[in-house]
Every structure is written in structure tokens, then in C-alpha cells.
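The values are calculated or read from the model by the stated rules, or taken from the named source; none is laboratory data. In this text the structure is predicted, and so the values were computed from the model without any measurement. Backbone-built Cβ (ideal geometry, glycine too); neighbour counts: all protein chains shown.
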């Protein structure tokens, strides 16, 4: 993780302009005129970087893509209409019928259904394993599978993977590794660690304001001894041989974005860039506030309501939180309320916290998982994904940390003896 000051400088200087309009320009055009037939041919051949058609690129979105690629340490990126759009683009571009993707650890509900239901309808196979089951991971990689998918931090399970070990195994068996880094922008840089593709829902922390739906996939450069030269990726070799270093982004554009059209819009890209300017400041604020809130809740919650976060020494991922994540793994904490009724009563008494299906917002958010995002999953699947009947996911925002903690404590203490915390509910 780099110093937040590095990113404060990088992002502000990258988004803004020093002459004429300081803010990014919004290019609201679906089509673009070509100077002549020769230029049109060169644009379609990829020899000139001028706009082709808004489905595959827009000047406002292009600027956003260049900033995020630089932020993640990648060669290039493609912005999409949503985080799920980015995930679907990558999977449809790099996988074909009969290929297999290995999913490691728990997943956001939309990702799970994309892999386990939607992609399955098109003949793409999937398998799942626990986050530290390295024996199964290696055995699956030996079979010659095509892709491994993992979240940098389990949402909402808060599992922390041993990314260096997983990256080493994927490189050993020449398998593409896709990391959903939505929860940990800036604080974790998987491409620099050796991953191949990084995905974000930019709707979350990157924007921060819930005003712009969006996603992005960031790609590394192709090298001369690249894993994609393996015969299991032979259908990609014509693009790799032609595009060389830039092939990974070309594969996604030609085999995903061009034909399916999960394109970002110019206004959404503009709003996302406005959020990017303050991303490092916001993340630093949340990383400072979160342990304080967790400590207050751990001290004052009744025994039947448990707070969970890797910053707690009792958490099974605490050592990894310190060593590999440098004390920062995003805005999420969870409360285990033992049952749905207790969770609902708590949520409905909150005064400053917003109930919504989002994370990474400037505001503190909360949601009961089993009755919303994961309501259509059976009990065994919910358990595998880290969702229980009484689980509340909380995304910490920019408010005063003591005020956030007090809101949860007053909600627990409000007019229901079954929710009463300890008598001494000081937030010291």
C-alpha cells in the first residue's frame, strides 16, 4: 500500500486540467465523425486512438480509464456500466463453453449468481472452494482450468485471502487470476502483486457519493513469456499476436464490450472522476474511524450481538490483516444478531445510518443480508457465502466515529429489553 499522500497528489492532478476548463469535459455524443476514409480505417484498425463509437469508447470515459489504470498500476482499463458489467465483460471475453472458473472464498451475491447460474447457461463451468483450501486450489489448477476469481476482501464474509500464495499458484499453472478489488482500492494493488485483471464496482468507494453507477476492469501488459501463450488460451492467440503488449484490453473490447455493450456513459464517468479526487482522503478517514467504532461496539454490545472485523485480535484473519493488508481492508464490518427479528429491530431504530444495498459510500450504510441480496439463496449457499439469519453488513462512512457507534448502541437499547446492551454503555 502506498502512502495516501501519493494518491492525493496523483488523483487530483490527473482528474483536473490546468488550462481552460479545470473540471473534466462531458462528451455527450454516441457517434463521432471521422476526418476522412483513411482515418476511419485507422481508427477501426486500432492504429489511431480517436473515438470510434460510444459503445466501445467515449472521451470522458477514456480519461477515467487512464486515471484508474494508473491508480491500479495497470497498462489500461475499460470502464463499464456497472461493476457486474465489468465482471460479465471479463468472463465473456476470456471464457468459452466448457471452460472452467474456480471461485475462491465467499462472494457478493451478484457475482455468485453470474458464475453459478448465468455463465452456466452458456456452458461455462464453475467450482468453489474455501479461501484457505490450498490443496483443492492446486488440484483444480492442475486440471488446466482457465480462470480463478477471488475478492480482495470477502463481501460480506470479511475473509482475507492469502493473495501472494494464490498468485504464485496461478502463475505456476499459467491460469488467469481475476481479483475483485472493489472493497480495497488504493490499500491493495493486486496487479503489482502479480494478478492479471482487477475489477471494481466504481459505484462504491471510487465514487463515494452514490450518484454514478459504474464499473471498471484493469489489465496488465502482455509479456514475451506470458501465461496467455498457453495452448488452453489458443482462441485468444490471434489477438495476442496482433496487439502484443495491449492484447489483454483488446480481448475484452473485441470479445466482450463490442458485442454485448456494457458501456459506461459520459455523465457517469464524469461523476466518478469527481469522486476519485477525494478517494484517498475518504479512505484514510474510514481506515482511521473503523477500528474506533469496532472497539466501542465490542466493549458495549450485549452477548448475543457480536461485531466482526479483522482488526479485532480475536478474528481469525487478524494476523493477515496486519501483515498483508497493513491494517486496512475496506469499510465493512458486520453484526451477528442471532436472528432476523433482532436484526430488523436494530436496523429500524437507527437514526443516522442509511439502510441500502451499497458499500463504500460517504454515509454509513447498513443492510440485513439474508432477507435482501441473498434472499433467493438456499441455506447451504448462504452459509458458504458467510451469510447467517441475523447478519447485518455495515459500511462505515465519513461521520464522527463516536456518533456512528452511539447510533448503533441507542438502536440496541431503544425500547426493547431483548436488545439491551450492558448497563455501562459508555463509548470511551
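Would you call residue 127 outside the structural domain of residue 323 (by TED's automatic domain parsing), under 26 Å from residue 72 (Cα atoms) and in contact with a strand residue (DSSP E or B) (Cβ under 9 Å, 6 or more places away or on another chain)? The answer is no for residue 127. Of all residues in the range 316-335, those that are at negative phi and surrounded by 17 or more Cβ atoms within 10 Å (Cβ to Cβ) total 12.
State whether one or more residues within the range 97-114 are part of a helix (DSSP H, G or I), under 20 Å from residue 191 (Cβ atoms) and in contact (Cβ under 8 Å) with a residue 24 or more places away in the chain. For the range 97-114, residues part of a helix (DSSP H, G or I), under 20 Å from residue 191 (Cβ atoms) and in contact (Cβ under 8 Å) with a residue 24 or more places away in the chain: present. Which one is farthest from residue 214 (Cα to Cα), of the residues in the range 343-355 that are in contact (Cβ under 8 Å) with a residue 40 or more places away in the chain and not in a helix (DSSP H, G or I)? Residue satisfying both the conditions and the ranking: 349.
Does at least one position in the range 390-409 carry a residue that is within 30 Å of residue 279 (Cβ to Cβ), modelled with pLDDT under 95 and surrounded by 15 or more Cβ atoms within 10 Å (Cβ to Cβ)? Among the residues of the range 390-409, not one is within 30 Å of residue 279 (Cβ to Cβ), modelled with pLDDT under 95 and surrounded by 15 or more Cβ atoms within 10 Å (Cβ to Cβ), which makes the answer no. Picking from residues in the range 24-50 that are in contact (Cβ under 8 Å) with a residue 24 or more places away in the chain and under 19 Å from residue 254 (Cα atoms), the one that is surrounded by the most Cβ atoms within 10 Å (Cβ to Cβ) is 46. The residue list 200, 209, 237, 229 contains one member that is more than 27 Å from residue 98 (Cβ to Cβ), surrounded by fewer than 20 Cβ atoms within 10 Å (Cβ to Cβ) and modelled with pLDDT of 95 or more, which is 209. Please verify whether residue 359 is outside any loop (DSSP other than H, G, I, E, B), at pLDDT 95 or above and either closer than 19 Å to residue 404 by Cα or in the same structural domain as residue 11 (by TED's automatic domain parsing) (or both), treating the condition exactly as stated. Here the answer is no, as residue 359 does not meet what is asked.
Scanning the range 142-156 for residues that are surrounded by fewer than 23 Cβ atoms within 10 Å (Cβ to Cβ) and on the phi < 0 side of the Ramachandran plot returns 142, 143, 145, 146. Against the condition buried (at least 23 other Cβ atoms within 10 Å of the Cβ) and under 9 Å from the mean Cα position of the chain (by Cα), how does residue 218 come out, does it pass? Taking the combined requirement at face value, the residue does not satisfy it.
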